[in-house]
Amino acid sequence: MIKSQRADRSQGSSRAVRILGSLAGALAIGAGFGAATAFMNALSLSHADLESRAYTESGWSYAEIISVLLDSGWAWAGCGVVVGWAVTRGDGGRRSGLALGATAAALALIAATIAYGIGEAIADGGQTPWFGADELVWGTAAIVLGAPLGAIGACARWPGALGLLARLTVPVGAAVQMIVLPPGRNEVVQAIGKTIVWTAAAVSIALIVAHFVVTRRRSRPAAETP
């Protein structure tokens with residue numbers, strides 16, 4: 001009895017440590033993503049000649065393309081999904097996995113919002129505060145939207161149709177955004193962004209579906225074996 005209780009306590013402590021480590025990792029991923037987005041935005045502006053009409057209408061730079069891609073809604077949503085997927089690795093329970101994924105994604109997007117605000121404040125020399133009305137709105141959105149996005153990421157590890165739909169969320173969402181609300185300040189930037197995102201989305205969808213079909217075919221003989 002005593003040994004059993006000690007084993008249970010040890011397992012509980014180990015799980016708690018693993019969860020705390022996962023949440024700390026989520027915070028680090030989110031902060032890194034937000035800081036990288038702010039940095040690329042600043043780098044993009046430093047390469048932009050906005051006083052030139054020609055550049056304003058048709059100019060672009062590699063830094064601006066990366067900035068546009070990182071600062072898109074699908075990329076931030078994808079960060080939440082990826083974090084939800086990453087922290088649930090090895091988690092045996094579906095309910096616990098959903099809760100962990102939702103919590104981690106919300107924390108990651110809050111950290112990304114704060115890091116982005118700090119990065120923007122540093123880039124403009126401290127002329128604007130690192131936390132204001134915009135950060136408050138996006139921080140609230142991080143909680144409201146981050147939790148379901150993290151749960152979707154956790155579901156991506158599940159077998160079956162639900163897992164497939166979860167894995168398709170990011171590429172499909174990215175492709176749809178390029179149709180409904182393509183980012184970019186001129187048509188050239190938008191066209192480049194669309195080409196990159198649509199190509200990446202098409203390849204990702206094809207690979208995800210192909211992996212799903214192959215996995216299902218391999219599992220059928222095993223299930224049919226008496």
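The values are calculated or read from the model by the stated rules, or taken from the named source; none is laboratory data. Model, not experiment: these values are computed from the prediction. Each accessible area value is taken on the protein alone, full model and side chains, heavy atoms only, with ligands, DNA and RNA left out. Shrake-Rupley method; radii C 1.70, N 1.55, O 1.52, S 1.80 Å.
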Worksheet item: What helices does the chain hold that run 18 Å or longer along their axis, going by alpha-carbon atoms, with a Kyte-Doolittle average of 0.0 or more, using DSSP H for the helix calls?
Response: 2-47, 73-87, 94-123, 133-155, 160-180, 187-224
Response to the item:
Mean-square fluctuation maximum in Gaussian network of the chain, Cα pairs under 10 Å, restricted to Ala38, Ala104, Ala206, hits Ala206
Worksheet entry | the chain: relative contact order as a whole-number percent, Cα under 8 Å and 6+ apart | 23 percent
Fill in: Which label in [x] 9, 32, 31, 18, 8, 2, 0, 0; [y] 8, 25, 30, 21, 10, 4, 1, 0; [z] 8, 36, 39, 16, 2 gives the computed P(r) over Cα pairs in 10 Å bins from 0, in percent
[y]
Worksheet item: Say we join alpha carbon atoms closer than 10 Å with springs in a Gaussian network model of the chain; which of Ser72, Ser22, Ser46 then has the biggest fluctuation?
Response: Ser46
Worksheet entry | Accessible surface, per residue, of the chain when the full set of protein chains is kept, probe 1.4 Å, Å² | 59 Å²
Fill in: Portion, in percent, of the accessible area of segment 107-226 that falls on carbon or sulfur, probe 1.4 Å
72 percent
